[in-house]
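**Q** The structure under discussion is supplied below as structure tokens; questions concerning it will follow.
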Amino acid sequence: MMQSTRFNGPARLLHWSMAVLILAMLFIGVAMVASLADYGTLVALHRPLGILILILAVLRLVNRWRRPPPPLPADLPPWQRRAAQVSHVALYGLMLAMPLVGWAMLSAGRLPVAVVGPMVVPPILPQSPMFYAWLRELHSILAYGLFGLILAHLGAALLHGLIRQDGVLSSMAPWRSRRSAGNL
């Protein structure tokens, strides 16, 4: 059986919808730190989006397990192949860790995580001001790490799409390129 050169439809949909959500979350997080006037509104957006990202990350992992991604180009240097593998593991780890750490932080602070209207997710840690402070710092550090990884991911995507033109970028693109259409 010939392996596809493109990610399947659910993988592409999850990738691009999560990209929008994660970027929105990072900018909302920055705005929360910068603007105390809008803090309540921003937190009300931040918490349910974090839970949504957590759910979508789990769905994405299940989809990836059931439908493995297309192989990287055979001529990709080994260090770039290894960097791609490590960065993807780190991205998935942070997509899971960020919302969980935020949820745990709010639980330790005895702050509710409202999802929709009166629906609140249960706490996952007992109340502890010490844990709250430690998890708040960890949440910020992980956010910087996620932002850095996203920049590296974007740079790698542009390297594949503009310089190598090896089909890696078009394998995740929502559109079908002539090259990938020719592989059918």
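The values are calculated or read from the model by the stated rules, or taken from the named source; none is laboratory data. Small disclaimer: the values here were computed from a predicted structure and weren't measured. So basically every Cβ, Gly included, is an ideal-geometry build from the backbone, and we count neighbours across all protein chains shown. Surface accessibility is based on the protein's heavy atoms, side chains included, excluding ligands, DNA and RNA. Shrake-Rupley method; radii C 1.70, N 1.55, O 1.52, S 1.80 Å.
**Q** Percent of alpha carbon pairs in the range 58-98 separated by more than 10 Å?
**A** 75
**Q** Take Trp16, Trp79 and sort them by solvent-accessible surface of the protein heavy atoms, 1.4 Å probe, largest at the top.
**A** Trp79, Trp16
**Q** Using r as the Cβ-Cβ distance of Leu125 and Arg164, and R0 as 41 Å, what FRET efficiency do you calculate, to the nearest 0.05?
**A** Computed FRET efficiency for Leu125 and Arg164: 0.35.
**Q** Hey, another quick one. Please sort 118-127, 41-50 by packing, taking for each peptide the average over its residues of neighbouring beta carbons within 10 angstrom, highest first. Show your work: numbers first, answer last.
**A** Values: 118-127: 11.9, 41-50: 16.9.
Listed from highest to lowest mean packing, they are 41-50, 118-127.
**Q** Once the range 25-131 is represented by equal point scatterers at the alpha-carbon sites, with solvent omitted, what log10 I(q)/I(0) does the Debye formula produce at q = 0.10 Å⁻¹?
**A** -0.41
**Q** Hey, another quick one. Ranked by accessible surface with a 1.4 Å probe, highest first, in what order do Asp166, Asp75 come?
**A** The most accessible residue leads, giving Asp75, Asp166.
**Q** Tell me, Kirkwood radius of the range 1-70 from alpha-carbon pair distances, in Å?
**A** Details: mean 1/r = 0.0731 Å⁻¹.
Hydrodynamic radius (Kirkwood, Cα pairs) of the range 1-70 is 13.7 Å.
**Q** If you scale each eigenvalue of the Cα gyration tensor by 5 and take the root, what three semi-axes come out for the range 72-163, rounded to whole angstrom and sorted largest first?
**A** Those come to 36, 14, 10 Å.
**Q** Using Cα springs under 10 Å in a Gaussian network model of the chain, which residue among Leu159, Leu14, Leu36 shows the largest mean-square fluctuation?
**A** Maximum fluctuation in the GNM of the chain, among the listed residues, is at Leu36.
**Q** Report the charge-dipole magnitude of the chain in Debye, nearest 20, computed about the Cα centre from +1 at each Lys and Arg Cβ and -1 at each Asp and Glu Cβ. Walk me through the numbers before you get to the answer.
**A** Values: 15 positive and 4 negative charges, 134 e Å.
Result for the chain is approximately 640 debye, rounded to the nearest 20.
**Q** Post the alpha-carbon centroid distance, the range 99-152 to the range 75-98, in whole angstrom.
**A** Cα centroid to Cα centroid, the span is 24 Å.
**Q** What Kirkwood radius, in Å to one decimal, follows from the Cα pairs of the chain?
**A** Kirkwood radius, the chain: 18.2 Å.
**Q** I would also like to ask the following. With every protein chain left in place and a probe of 1.4 Å, what is the accessible surface of Phe7, to the nearest 10 Å²?
**A** Spelled out: Phe7, probe radius 1.4 Å, area about 40 Å².
**Q** Taking a 1.4 Å probe, which of Val30, Val58 shows the most accessible area, and what order do the others take after it?
**A** Working: Val30 95, Val58 75 Å².
Largest accessible area first, the residues go Val30, Val58.
**Q** Skip the ligands, DNA and RNA, and give the accessible area per residue of the chain with a 1.4 Å probe, whole Å².
**A** Numbers: 11650 Å² over 184 residues.
Heavy-atom SASA per residue in the chain reads 63 Å².
**Q** Going by alpha carbons, how many degrees (0 to 90, nearest 10) lie between the helix axis of 39-66 and the longest principal axis of the chain?
**A** Around 40 degrees separate the two axes.
**Q** Something else: On the protein heavy atoms, probe 1.4 angstrom, tell me the percent of accessible surface of the chain carried by carbon and sulfur.
**A** Solvent-exposed carbon and sulfur of the chain make up 72 percent of the total.
**Q** Once you have the Cα-Cα distance between Leu61 and Leu13, take 0.36 nm times their residue separation minus that, and quote the gain in nm to one decimal. Provide the component values of the computation, followed by the final result.
**A** Working: separation 48, 0.36 × 48 = 17.28 nm, distance 1.32 nm.
Once the chain is fully extended between Leu61 and Leu13, it gains 16.0 nm.
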